[in-house]
Amino acid sequence: MSGPQIAVIGLGATGSAALYQLARRNVRAIGIERFDLGHAFGSSHGPTRIIRLAHFENAAYGPLMRRAYALWRELEKAAATRLIVTAGIAEIGPADGELIRGTLAGASRYNLPHEVTDAASLMRRYPGFKLPESFLAVLAPDGGYIAAAAALNANIRLALTAGATIRTNETVISVEPLPKGVRIKTNRDEIEADGAVVAAGPWLHRLLPELHLPLHVTRQVVGWFEPDHAAQFAAERFPVFILETPHGHHYGFPAYGEMGVKIAKHHHRREIVDADCYDRTVSAADEAAIRAPLAEYLPAANGRLLGAETCLYTMTPDETFIIDPMPGFPHVIIASPCCGHGFKFSPVVGEIVADLITRGACEHDIRQFRLQRFA
Ligand SMILES: Cc1cc2nc3c(=O)[nH]c(=O)nc-3n(C[C@H](O)[C@H](O)[C@H](O)COP(=O)(O)OP(=O)(O)OC[C@H]3O[C@@H](n4cnc5c(N)ncnc54)[C@H](O)[C@@H]3O)c2cc1C
């Protein structure tokens, strides 16, 4: 391969998608990851992530998500593996709550397929839920889940097949953009590349201290609960859901593989932590935060805690992504789609950064993701 050499720093969901998209474009793509691939210290590990077209968090995501779905399907085809299961999502809460209002705003802005139903019909369809009469649900047929670990593997495998190289257990210590390239120092080596994608997730602001990125990292916990009636929560019978109650926004998945019903609280306890040293044990207070709505709203899932794990959100002040070149250096792109909802966007973010690096432009309006908004 004779194209430019582009380094991708960090191989979580974002970096692995970027690596594949670059490797497909006749670029000598080199991925550098400080841990093993698929490690559990950042944001991308675990079996599943939600995928949905409409976002209560940001109505403007519609076109990006449409493209992301198309790329997920392409990735499935190229990898010959099923990566997304779209058996529907139910977003449930008070009619005037943030979740229902925001989801409907996103769905109607881009005419995304959805159905609004009352609590009684939702409970008839999915007897696992016990909801107050005043609740509504927005059902979207395209919603579902991503097989997250398989997705990461697929990107990595296809990137390697397309000619990328990968260096694991190697930590990038500094990224120095040059007028026509970039100098990357690691704990083992110094690399001069033609460009770079910095996809370091919760470590991003540490790696680029000169940018004073206003990021904070929060500790999250997800749990798997043993259901009373396992059949009610089987993947083909129970939807992925997001539930707004006085306990906050909880989300969950049907029982997947050998595990129980996966449930978590969006933002969990909003604990700001240092990504290098945070508590990865799961406490009684963690379990209580996740379990809080179950007795009242999902009593049949309120069983034994079968397992739990921690994870990290990287948060911006406006809770949306960063996808932008470093100021003055169009060949060094920062890509951080997190804020708790970025996994599903990873293929399209990979495509955007690969286009920005190879063509200096992309097909999407990414103005809302610019660094300048923090100035
Ligand atoms: C509990 C939880 C639930 C979530 N649920 C959903 C969901 O349902 N749907 C959804 O779409 N999204 C969800 N998200 C968000 C999604 O998982 C993240 O947006 C996504 O994983 C971010 O990926 P990333 O590659 O940007 O970051 P990361 O996965 O953290 O990857 C960054 C990588 O960079 C590496 N790295 C960092 N510094 C260096 C360095 N100096 N040198 C070399 N390598 C370095 C790290 O080791 C890491 O592998 C959830 C997140 C969490 C934590």
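Coordinate-derived values only; no laboratory data. For clarity, every value in this text was computed on a predicted model and none was experimentally measured. Here the Cβ positions follow ideal geometry from the backbone for every residue, glycine too, while neighbour counts run over all protein chains shown.
Please report, largest first and rounded to whole Å, the three semi-axes of the ellipsoid equivalent to the range 317-375, where each semi-axis is the square root of five times an eigenvalue of the C-alpha gyration tensor.
Each semi-axis is √(5λ); the values are 17, 15, 9 Å.
What trypsin sites (Lys or Arg not before Pro) does the range 102-143 have in DSSP loop regions with at most 16 other beta carbons within 10 Å?
130
So how do 349-358, 167-176, 322-331 stack up, highest first, on mean other-Cβ count within 10 Å?
349-358, 322-331, 167-176
What's the ranking of 182-190, 259-267 by average number of surrounding C-beta atoms within 10 Å, highest first?
259-267, 182-190
Taking the chain as a Gaussian network, where each spring joins two C-alpha atoms under 10 Å apart, which residue of 14, 103, 161 fluctuates the most?
Between 14, 103, 161, it is 161 that shows the largest mean-square fluctuation.
Might you report the magnitude of the Cβ-based charge dipole of the chain about its Cα centre, with Lys and Arg at +1 and Asp and Glu at -1, to the nearest 20 debye?
Taking the Cα centre of the chain as origin, the dipole is about 680 debye.
Tally Lys/Arg at +1 and Asp/Glu at -1 over every other residue whose Cβ is under 13 Å from the Cβ of residue 57; what's the total?
That works out to -2.
Summing -39500 (n - 2.57) over the DSSP H runs of n ≥ 4 in the chain and dividing by its residue number, what mean residue ellipticity at 222 nm do you reach, to the nearest 500 deg cm²/dmol?
-7500 deg cm²/dmol
Rounded if a/c is under 1.5, else prolate if a/b beats b/c, else oblate: with a ≥ b ≥ c from the C-alpha gyration tensor eigenvalues square-rooted, which is the range 87-157?
Prolate, because a/c is 1.5 or more and a/b exceeds b/c.
Over the chain, what portion of Cα pair distances is larger than 38 Å, expressed as a whole percent?
17 percent
Could you name the lysines in cross-link range of residue 344, using Cα to Cα under 28 Å and dropping any fewer than eight places away on the same chain?
Counting by Cα, and skipping residues close in sequence, residue 344 has these lysines nearby: 77, 262, 265.
Could you compute the FRET efficiency for residue 236 and residue 180, with r as their C-beta to C-beta distance and R0 at 56 Å, rounded to 0.05?
E(calc), rounded to 0.05, equals 0.55.
Using a/c under 1.5 as the rounded threshold, could you call the range 9-60 rounded, prolate or oblate? The axes a ≥ b ≥ c are square roots of the C-alpha gyration tensor eigenvalues, and prolate needs a/b larger than b/c, oblate otherwise.
oblate
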